[in-house]
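The values are calculated or read from the model by the stated rules, or taken from the named source; none is laboratory data. What you see is a predicted model, and the numbers here were worked out from it, not measured in a lab. Methodologically, a virtual Cβ is constructed for each residue, glycine included, from the backbone with ideal geometry; neighbour enumeration extends over all protein chains shown. When the accessible area is computed, the model is the full protein with side chains, heavy atoms only, and any ligands, DNA or RNA have been set aside. Shrake-Rupley method; radii C 1.70, N 1.55, O 1.52, S 1.80 Å.
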Amino acid sequence: VCIHRVRSCSSIRFIKSKYLCVFDKSALKFSHQQRLFRTSAVSCGQIVQFKLSDIGEGITEVTVKEWYIKEGDSVSQFDSICEVQSDKASVTITSRYDGVIRKLHYSIDDIAFVGKPLVDIEIDASKGVAPEEDVVETPPMSHEEHTHQEIKGHKTLATPAVRRLAMENNIKLSEVVGTGKDNRILKEDILNYLAKQTGAILPLSPKAEIVPPPRKTEAVPAAPRDKARKIPLPVSRPIAFSGKDKTEPVTGFQKAMVKTMSAALKIPHFGYCDEIDLTQLVQLREELKPLAEIRGVKLSFMPFFIKAASLGLLQYPILNASLDENCQNVTYKASHNIGVAMDTEQGLIVPNVKNVQVCSVFDIAVELNRLQSLGSAGQLGTSDLTGGTFTLSNIGTIGGTYAKPVILPPEVAIGALGKIQVLPRFNGKGEVFKAQIMNVSWSADHRIIDGATMARFSNLWKSYLENPASMLLDLK
Amino acid sequence: MVLQSLKNCLWLSCILRTPKACFWSTASGGLIIQSVSNDVYQNLAVEDWIHDHMDLEKQQVLFLWRNSPAVVIGRHQNPWQECNLRLLRQKNIKLARRRSGGGTVYHDLGNINLTFFTTRKKYERMENLKLVVKALKALRPQLDVHVTDRYDILLDRQYKISGTAAKLGRTSAYHHCTLLCNADKFVLSSVLKSPYKGLKSNATPSVPASVKNLFEEDPSLTSEMLLHAIAKEYAIQHQIDHHITLINPADETLLPGISKKTKELQTWEWVYGKTPKFSISTCLNMVYKDSVLDIKVNMDVKHGRIEVCNFDLPEQWLPSGLYSELVKSLTGSKFCPNETTTLVTTLLRVCPQDDELHSRWSLLCENMIRLM
């Protein structure tokens, strides 16, 4: 049995240093479907020392600043290997060979010398007749030494990217007519071959490769790895999908959230939901918005919701309390520091408006504006983000109606506000009218708050918002 | 072949779409383009795009651009070492990291940027700078400007008016430089002064220099005039039309893939995460009640994230469990004031609810965040 070790196109990253092993010629046809892997990288290639080439301007030494690869990685010709710096010039060194990195001769911040070895690359020098094997060509522009590998038997000229494209689409290079120099097979030739086969017009690659003539006509393998071809084929073919899972450690802010949410889960939550008719409030806000604008403040609905909540907390202070760790003591907080959940790039942050009990609706609007602009600039301070006693989450700005909010310790209650929808409702006379309806979903700590208290608080809050004039009676 | 004709169609549409034709023309040996945008990230992305996608064998390119206020650091630099990040955030001045080497510069509309694109073989910085000097002298013969061997351009033998940096790739290269026409020197000097102490790093340091605006030497000069003079000289030397093609860096059709490049330049991972490993060893002076506490802090930051950190706190000033929780949470998180603020305030939710403890925690954290 002839064992053909066909090295998988090293430019397919996700099989890195694994080798595609096939046992006979016919299996090669199906090779891209049944990927048989050998996990042990059998070293059968020659080690080549890739020297640091001339930088120009008579420079003899550079500082190595960053490695893009590490020992054991597979590289393709033209892949970036490292970044070096010399006198205000940053130089990207690219690989001249396809192969596996075996040794890095320098560490970061070392001085590297022109003409001396930079990395050792193991080049696969497989011999044997394999129809899909191709020659690695250097581009005609370079005057550097060749990495020309001549393989006995079928000799087709094509760059690694072209080879990969052919393999992905199950094409025998011997069947493709090459239109490049020396009958070299170019990417266009593969695409044309496919087009002829399927009878479809292929969409142009969105990358700059196919843009104007002055551009290099080389099928440069520097093209991105993901090549999901949008070929409208009558028969569906397995198209190579090169996406892969990405695992990242949970760090920083996310780690803190994990802790907080785990602690929140220990709180026995109960929920209470209701529907609020904001028709009158919508009208009131329309009237007040221009007045606020004159004073340079953007007035949303939140200041009203927040003030009404504070008025409710005056009647039901247990909702503005905190339970200690051992559940021995309940602390009734004097200040109503009402948190407003904000969605930022990092995730959920909850700055709070301090002492709402002594703020007017306008004061709250001013403070909210300040917190919102700091929040979007990523410049909130620690005092803005600590000391909250009660939270409102306006998830409705994103969407949704009812929610099941999670209480943020050390608080004992939270309200989630859905979006305002225009819905038909019946009025006192039994007539249908257009109502502005918003849903609210409360969650409370059942260890110290009972359903009746929550319901009564919600009803009070609801009555202030459904009939904003009533807020005037109780405003302090 | 079907594909060939499609290719030609696209090329033609490119020509027809540009405000001035001949953007992609192979007829001339050079091309002068100017960006219509003042966004530093978009303009840096154009440089990347030309470097990656244009064939510079037949024609070299001169790219002219100006930015609204921004600080631009070199590829291998440390932003904490180079500028006052706090001031940048306050004044809403952008921070960008370019792909070329060299030092930190301040850009505003009073500064012009010139990028000379050539093949790797034709990379020649001195020639480019001599071209600029020639153009300046042609415009105002009395100007005393010359190129130093550090590739700076000096005015009156003492003031730096231009700094240089370069990027070399496999087949192409570019050399870009600044030129101070009428920049805000006050802002320049305040943002380029780092307040951060105790930093130790191998990042490329900037060499501070006295600067002067050409406008101060000759108030009749404007950025526009300088741009035109340099374009004119470039046109003469490359034997092409003195013709500036305007390009819009947001045009994805003309520059396919440009928005991806622009986005990448704005990511935290690029701007801060590419900072070479550095360490901080300093003292926090915290005013607590009636006394001042000197707390020694040590941090190692790699890829912009805290790798190691410790604080030399008085015994039991913070309960040890809480202290280790703080250190554990900080490890791996970004060396960034916003991330750290949200992290420490979130952690506070699960700490014992003790006012004294909370105020100590806030004090320590606020002081620590000032290091970022």
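Answer yes or no as to whether A:GLN315 is touching a Leu at 6+ places or on another chain (Cβ under 8 Å) and either under 22 Å from A:VAL440 (Cα atoms) or of a type outside the set (A, V, I, L, M, F, W, C) (or both). Here the answer is yes, as A:GLN315 does meet what is asked.
Please find, among B:GLU339, B:GLU269, the residue that is among the charged types (D, E, K, R) and buried (at least 16 other Cβ atoms within 10 Å of the Cβ). On inspection, the qualifying residue turns out to be B:GLU339. Each residue in segment A:379-405 was checked for being out of contact with any helix residue (DSSP H, G or I) (no Cβ under 9 Å at 6 or more places or on another chain) and of a type in the set (Phe, Trp, Tyr), and 1 pass.
For B:LEU364, the requirement of being within 12 Å of chain A (Cβ to nearest Cβ), buried (at least 22 other Cβ atoms within 10 Å of the Cβ) and under 28 Å from the mean Cα position of the chain (by Cα) is not met.
Residues checked against (1) at pLDDT below 50; (2) surrounded by 13 or more Cβ atoms within 10 Å (Cβ to Cβ):
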position: A:GLY99; (1), (2): no, yes
position: A:LEU104; (1), (2): no, yes
position: A:VAL114; (1), (2): no, yes
position: A:ASP120; (1), (2): no, yes
position: A:VAL129; (1), (2): yes, no
position: A:GLU133; (1), (2): yes, yes
position: A:VAL136; (1), (2): yes, yes
position: A:GLU144; (1), (2): yes, no
position: A:GLU150; (1), (2): yes, no
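Which members of segment A:347-368 meet the condition of being among the small types (Gly, Ala, Ser) and within 14 Å of chain B (Cβ to nearest Cβ)? Correct list: A:GLY347 only. Could you check B:ARG89 against (1) more than 23 Å from B:LYS263 (Cβ to Cβ); (2) facing chain A (nearest Cβ under 10 Å); (3) charged (D, E, K, R) and say which number it fails? Going through the list (1) more than 23 Å from B:LYS263 (Cβ to Cβ); (2) facing chain A (nearest Cβ under 10 Å); (3) charged (D, E, K, R), B:ARG89 breaks only (1).
Out of curiosity, is B:HIS51 touching a residue at least 24 places away in the same chain (Cβ under 8 Å), open to solvent by 10 Å² or more (accessible area, probe 1.4 Å), not in a strand (DSSP E or B) and not polar (S, T, N, Q)? The answer is yes for B:HIS51.
Considered as a group, the residues in segment A:247-264 that are under 20 Å from the mean Cα position of the chain (by Cα), more than 7 Å from chain B (Cβ to nearest Cβ) and in a helix (DSSP H, G or I) include one that is farthest from A:GLY347 (Cα to Cα), and that residue is A:VAL258.
A quick yes/no check of all residues on (1) more than 12 Å from chain A (Cβ to nearest Cβ); (2) under 25 Å from the mean Cα position of the chain (by Cα); (3) crowded, with 18+ Cβ neighbours inside 10 Å:
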residue: B:LYS277; (1), (2), (3): no, yes, no
residue: B:ILE280; (1), (2), (3): yes, yes, yes
residue: B:VAL308; (1), (2), (3): yes, no, no
residue: B:LEU330; (1), (2), (3): no, no, yes
residue: B:ARG349; (1), (2), (3): no, no, yes
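Each row is one residue, and each column tells you yes or no for (1) open to solvent by less than 10 Å² (accessible area, probe 1.4 Å); (2) in contact with a His (Cβ under 8 Å, 6 or more places away or on another chain); (3) more than 30 Å from A:ILE108 (Cα to Cα).
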| position | (1), (2), (3) |
| --- | --- |
| B:GLN60 | no, yes, yes |
| B:ARG66 | no, yes, yes |
| B:VAL71 | yes, yes, no |
| B:ARG75 | yes, no, no |
| B:PRO79 | yes, no, no |
| B:ILE93 | no, no, yes |
| B:ARG97 | yes, no, no |
| B:ASP108 | no, no, yes |
| B:LEU114 | yes, yes, yes |
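Restricting attention to segment B:324-335, does a residue exist that is touching a residue at least 60 places away in the same chain (Cβ under 8 Å), outside the structural domain of B:THR267 (by the TED database) and touching a helix residue (DSSP H, G or I) at 6+ places or on another chain (Cβ under 7 Å)? Yes, segment B:324-335 contains a residue that is touching a residue at least 60 places away in the same chain (Cβ under 8 Å), outside the structural domain of B:THR267 (by the TED database) and touching a helix residue (DSSP H, G or I) at 6+ places or on another chain (Cβ under 7 Å). For segment B:132-142, state whether one or more residues are open to solvent by less than 40 Å² (accessible area, probe 1.4 Å), touching a Lys or Arg at 6+ places or on another chain (Cβ under 8 Å) and either free of Cβ contacts under 8 Å to residues at least 40 places away in the same chain or not small (Gly, Ala, Ser) (or both). Scanning segment B:132-142 turns up no residue that is open to solvent by less than 40 Å² (accessible area, probe 1.4 Å), touching a Lys or Arg at 6+ places or on another chain (Cβ under 8 Å) and either free of Cβ contacts under 8 Å to residues at least 40 places away in the same chain or not small (Gly, Ala, Ser) (or both).
In segment B:149-162, of all residues being outside any strand (DSSP E or B) and more than 30 Å from A:THR92 (Cβ to Cβ), the one that is farthest from the other protein chains (Cβ to nearest Cβ) corresponds to B:ASP156. When segment B:44-80 is filtered for residues that are more than 15 Å from B:GLY101 (Cα to Cα), out of contact with any Pro (no Cβ under 8 Å at 6 or more places or on another chain) and charged (D, E, K, R), the ones remaining, listed by number, are B:ASP52, B:GLU57, B:ARG66. Candidates B:HIS176, B:HIS146: the one that is more than 11 Å from every other protein chain (Cβ to nearest Cβ), open to solvent by 10 Å² or more (accessible area, probe 1.4 Å) and assigned to a strand (DSSP E or B) is B:HIS146.
Among the residues of segment A:312-341, those identified as open to solvent by less than 20 Å² (accessible area, probe 1.4 Å) and part of a strand (DSSP E or B) are A:ALA321, A:SER322, A:ILE338, A:GLY339, A:VAL340.
Given the criteria more than 30 Å from B:VAL344 (Cα to Cα) and either out of contact with any Ser or Thr (no Cβ under 9 Å at 6 or more places or on another chain) or not basic (Lys, Arg) (or both), does A:GLU248 qualify? The answer is no for A:GLU248.
The set of residues in segment A:39-68 that are at pLDDT 85 or above and within 21 Å of B:ASP48 (Cβ to Cβ) comprises A:LYS65, A:GLU66, A:TRP67, A:TYR68. The residue that is farthest from the chain's Cα centre (by Cα), counting only those in segment A:290-311 that are among the charged types (D, E, K, R) and either on the phi > 0 side of the Ramachandran plot or open to solvent by 60 Å² or more (accessible area, probe 1.4 Å) (or both), is A:ARG295. Please tell me if B:LEU246 is assigned by the TED database to the domain that holds B:ASN111, farther than 29 Å from A:VAL84 by Cβ and either of a type outside the set (Phe, Trp, Tyr) or buried (at least 17 other Cβ atoms within 10 Å of the Cβ) (or both). Considered against the rule, which asks whether it is assigned by the TED database to the domain that holds B:ASN111, farther than 29 Å from A:VAL84 by Cβ and either of a type outside the set (Phe, Trp, Tyr) or buried (at least 17 other Cβ atoms within 10 Å of the Cβ) (or both), B:LEU246 comes out as yes. Applying the set (1) out of contact with any helix residue (DSSP H, G or I) (no Cβ under 9 Å at 6 or more places or on another chain); (2) surrounded by fewer than 22 Cβ atoms within 10 Å (Cβ to Cβ); (3) within 14 Å of chain A (Cβ to nearest Cβ) to B:LEU129 leaves exactly one unmet item: (2).
The single condition among (1) among the polar types (S, T, N, Q); (2) in contact with a strand residue (DSSP E or B) (Cβ under 9 Å, 6 or more places away or on another chain); (3) part of a loop (DSSP other than H, G, I, E, B); (4) modelled with pLDDT of 90 or more that B:SER220 does not satisfy is (2).
Kindly check whether there is at least one residue in segment A:426-442 that is within 13 Å of chain B (Cβ to nearest Cβ) and either in contact (Cβ under 8 Å) with a residue 24 or more places away in the chain or not in a loop (DSSP other than H, G, I, E, B) (or both). No, segment A:426-442 contains no residue that is within 13 Å of chain B (Cβ to nearest Cβ) and either in contact (Cβ under 8 Å) with a residue 24 or more places away in the chain or not in a loop (DSSP other than H, G, I, E, B) (or both). Number of residues in segment B:94-131 that are part of a loop (DSSP other than H, G, I, E, B) and in contact with a strand residue (DSSP E or B) (Cβ under 6 Å, 6 or more places away or on another chain): the value is 8.
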